[in-house]
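So the structure is just underneath, and the comments pick up after that.
Computed from the coordinates by the stated procedures, all read-outs in this text should not be read as laboratory data. Only a predicted model underlies this, so the values are computations on that prediction, with no experimental measurement involved. Note that we place each Cβ from the backbone using ideal geometry, even for glycine, and neighbour counts take in every protein chain shown.
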Amino acid sequence: MKTRKIQLSINGQIREAEVDVRKTLADFVRDDLALTGTHLGCEHGVCGSCTIVVNGETVRSCLMLAVQADGAQVLTIEGLAAPDGSMHPIQQAFMESHSFQCGFCTPGFVMTTYDLLASSSEKLSDEDIREALSGNLCRCTGYQSIVAGVELAQQKLAALSQAPAAAIGG
């Protein structure tokens, strides 16, 4: 087994590890760093459950190797909450809108929403939201409550007059 030493910032904390060069970023985050909020669904990049933010862009962590994240800034669902444990406005909006049922797909939807709202300064239409979320699959909700969660998150962040990154101190 060939390994390589990597260093990355994950949720604002510098981490170093020796990893198998074939290990996915999803497996590294879950197994080596014990950040199990990132879920593995299809492991083919189709479902979006493993979505995280790497260097400001959403990625399917099941399709990215951990060694590719060497030197990167990585944000997972665990990194959204404030240091005191209070939820990020997006997480709060999803909860208030009942945007999940079983919750398996929720981390991927939340991280996709985080990136969507961080990269948009305009109010998004229902159609814009649905298109942005089209790469994430949910087998439970029918999506309307998820769209409602994104819309509420927009309102919450606008009320705070800050972008998603500012809401977590990033």
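Numbers below:
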| read-out | value |
| --- | --- |
| Charge context of S125, other residues only, Cβ under 13 angstrom, K/R +1, D/E -1 | -4 |
| Calculated P(r) tail over 21 Å for segment 3-79, as whole % of Cα pairs | 13 |
| Charge tally in the Cβ shell below 9 Å around A17, where Lys, Arg are +1 and Asp, Glu are -1, A17 excluded | -1 |
| Inter-label distance for S86 and Q73, nm, one decimal - labels placed 7 Å from Cα along Cα-to-Cβ | 2.3 |
| Longest to shortest principal axis, alpha-carbon extents of segment 39-129, angstrom | 37, 29, 27 |
| For segment 89-162, average projected area of the Cα convex hull in nm² | 4.2 |
| Helix-only CD estimate at 222 nm, as mean residue ellipticity for the chain, using -39500 (n - 2.57) per DSSP H run (n ≥ 4) | -8500 deg cm²/dmol |
| Relative packing of peptides 27-38, 99-110 - highest average C-beta neighbours within 10 Å first | 99-110, 27-38 |
| Hz values of 3J(HN,Hα) by residue in segment 63-77 - Karplus curve (6.51, -1.76, 1.60), Gly and Pro given as x | 9, 10, 7, 4, 5, 6, 8, 4, x, 8, 9, 10, 10, 10, 4 |
| Kirkwood hydrodynamic radius of the chain, from inverse mean 1/r over distinct Cα pairs, in Å | 16.2 |
| Mean separation of Cα contacts under 8 Å (6+ apart) over length of the chain, as relative contact order % | 23 |
| Length gained when the stretch Q13-K123 is fully extended (0.36 nm per residue, less Cα-Cα span) | 36.4 nm |
